[in-house]
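Chemist: Input: one structure, supplied below.
The values are calculated or read from the model by the stated rules, or taken from the named source; none is laboratory data. Just so you know, these numbers come straight off a predicted model, no measurement behind them. For neighbour counting, all protein chains shown are included, and Cβ atoms are generated from backbone atoms with ideal geometry for every residue, glycine included. Accessible surface areas use protein heavy atoms only, side chains included; no ligands, DNA or RNA. Shrake-Rupley method; radii C 1.70, N 1.55, O 1.52, S 1.80 Å.
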Amino acid sequence: MPEAEAGPRHPAGLAGRPRWRVRGASMQGYDHVRSGGWCEDSFAHTHIPLDDPARPDIQILAVADGAGSRSRSADGSRLAVSTALAVVEQGIRAHWRPESAPEWTALLQHLSEQVIARFVSVARAVGGGDKAIGDFATTLTTVVLAHPVVGYFSVGDGFVIIRTGAGGRSNLHLVDSAVATAQDASTTTFLTSHTAGAVRVNAIYDEAITGVFISTDGLAYTTLARDDDGQLSLVERPMVDTVFRLLDQDDFDPLGLLRLLQRDDVIAATQDDTTLLAAVLQR
Amino acid sequence: MSAHQRSAGAGYNPSSQEQYVDVIDGISIPPPNYRVLVVLCVDTSSSMRGEAISRLNDALQGWAHSMNSHSMAASTEFALITFGAGGVLKWRGTESFDPRSDRTPFVSAREFTAPVLAADGVTPLTKAVRLGIDVIEARKRQLTQERVTWRRPLMWLVTDGRPTDDRGHFSSDWQPLAGEIRALEQRRKLTLFAIGVPPIDDVGQETLRQLAPANYRIYGQFDFNEILVLLERSVEDPNRSIRIDDWKES
């Protein structure tokens, strides 16, 4: 089922304060449309208010991609994003709050372990035992925007792109992707897998960050390509740049993101559920 | 004006939304930079003569035509390998060629055309499946050079009999192959689907079960159209297991 959401409107009385605008959309893939299946991707975000006129509120974003082969993967992806938001918000409030990128990395490493443990615990309880946990198989990518730090942890094949400054391809940076080699393109790790060592955690400190884009693997093939060294990088004219520019506009209707995901050439290129969740900084 | 549009606030401007639609429709989407490699490994031995080969040819012709304009055509490549008439053969379109050739049998789904197959000879199934594995690995090497990724390759094996050697003697040379396929599947380098059609006997059925324990099926009639639909679905979602309830009982 397609989803697009507008996120909270700007509260009155905070004019002049930098803030993040967050918008997302999700669309089930061609095969799911044809068979009447659910979209097995999920996304969610929340924020933690800051009493700091110079900094935007902290934002927590999560996307998840349920494994198509598993019977409760749609439930799994929803459980993953809700668990991530709850655990990370609680963790940040409790540790209020790291400043440096290494401190954020350490916190997110700790919180990622809590997220996975709680996810597995709930899946076991809901599914009725250890054997049912695998039915909830899903990836999860969680990003925390604590300007000027962007931190994330990721299990599976989601990816994270950062915009600095005014954007344009040279100011877009692929900071995380699991598909490091062509041989890995058909493999992924799920929260229900043996995740020890498979969780990618990092935090970046950069005052110039103005946008963050996260996605499940469905859009990887429209966004990423291999460069001359065989390394993944952004395609020549990345659609991410246009998405950021649209979100910069105050009156952009986020349903437009669904229109993008429903384009025939996007469907043809992805053959998968597609999800994007993006944030742009407004000053 | 919808409630949602009204909620956009004072800045909402219909002309702006129309401009955004133009912007969205104008976003450049590059062609897929990954491939799904599919080997169709088909029995053309003498026991397929008559109705079986006729139905297979009809199904392949119609399916090839539909695949040319399919939404996944840009990212999917097919290779046809036959075993039986002429021994083990690679095909590109209507042309068959020596399996020892370095030439790849993979063609884009957009350009895939089906030959008219003839039925004759014995059932060198093992040799054909091994050739299928080899052509996948060779194509992956080419794709690596082209900096193109791939999803887990698929092989669809369709047969009506027991494996034989080149002289037509029943052979057990497929037994070590079963273990090799398991190893490839565990490393996500291949998924094999094995389909039996009449008059496959109990030994032939057991062979397919051993080759593809999770993805084998025996049909009671020559329902090749159904088989090709299942193949198409497996390409659309290469990671989806073909469970028993996904299959239409014949």
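Chemist: For the range A:196-257, which strands (runs of 3 or more DSSP E) that fit wholly inside it have 3 or more residues that are of a type outside the set (A, V, I, L, M, F, W, C) and over 15 Å from A:Arg21 (Cβ atoms)? Steps first, please.
Modeler: Numbers: elements: A:200-205, A:209-215, A:224-226, A:232-234.
Of the strands (runs of 3 or more DSSP E) lying wholly inside the range A:196-257, those with at least 3 residues that are of a type outside the set (A, V, I, L, M, F, W, C) and over 15 Å from A:Arg21 (Cβ atoms) span A:200-205.
Chemist: Something else: Can you pull out the residues in the range B:140-179 that are within 14 Å of another protein chain (Cβ to nearest Cβ), part of a loop (DSSP other than H, G, I, E, B) and open to solvent by 70 Å² or more (accessible area, probe 1.4 Å)?
Modeler: Correct list: B:Glu146, B:Arg147.
Chemist: Would you call B:Val129 at pLDDT 95 or above, in a helix (DSSP H, G or I) and under 21 Å from B:Leu230 (Cα atoms)?
Modeler: The answer is yes for B:Val129.
Chemist: Return yes when A:Phe159 is over 30 Å from A:Pro49 (Cα atoms), of a type outside the set (D, E, K, R) and in contact (Cβ under 8 Å) with a residue 60 or more places away in the chain and no when it is not. Can you show your working first?
Modeler: On the way: over 30 Å from A:Pro49 (Cα atoms): no; of a type outside the set (D, E, K, R): yes; in contact (Cβ under 8 Å) with a residue 60 or more places away in the chain: yes.
So A:Phe159 does not fit the description; no.
Chemist: Identify all residues within the range B:215-250 that are surrounded by 14 or more Cβ atoms within 10 Å (Cβ to Cβ), modelled with pLDDT of 80 or more and in a loop (DSSP other than H, G, I, E, B); write none if there are none.
Modeler: Hits for the range B:215-250 are B:Asn215, B:Tyr219.
Chemist: List the strands (runs of 3 or more DSSP E) that sit entirely inside the range A:18-70 and contain at least 3 residues that are surrounded by fewer than 21 Cβ atoms within 10 Å (Cβ to Cβ) and either touching an Asp or Glu at 6+ places or on another chain (Cβ under 7 Å) or within 11 Å of chain B (Cβ to nearest Cβ) (or both).
Modeler: Values: elements: A:19-27, A:41-48, A:58-65.
Those strands (runs of 3 or more DSSP E) span A:41-48.
Chemist: Which condition number in (1) facing chain B (nearest Cβ under 8 Å); (2) surrounded by fewer than 17 Cβ atoms within 10 Å (Cβ to Cβ) is the one that A:Arg283 fails?
Modeler: (1)
Chemist: For the range B:28-108, list the strands (runs of 3 or more DSSP E) that sit wholly inside it and hold at least 3 residues that are in contact with a Lys or Arg (Cβ under 9 Å, 6 or more places away or on another chain); which are they?
Modeler: Counting at least 3 such residues, we get B:34-44, B:76-84, B:87-92.
Chemist: Give me the pairs, please: first residue somewhere in the range A:210-239 and more than 10 Å from chain B (Cβ to nearest Cβ), second residue anywhere and surrounded by fewer than 18 Cβ atoms within 10 Å (Cβ to Cβ), beta-carbon distance under 6 Å, and either six or more positions apart or on two chains.
Modeler: A:Ser233/A:Asp227
Chemist: Follow-up question, since we're still on this one. Given the structure, is B:Ala109 crowded, with 19+ Cβ neighbours inside 10 Å, of a type in the set (Gly, Ala, Ser) and away from chain A (no Cβ under 14 Å)?
Modeler: Here the answer is no, as B:Ala109 does not meet what is asked.
Chemist: Somewhere in the range B:21-36, is a residue buried (at least 21 other Cβ atoms within 10 Å of the Cβ) and at pLDDT 95 or above?
Modeler: no
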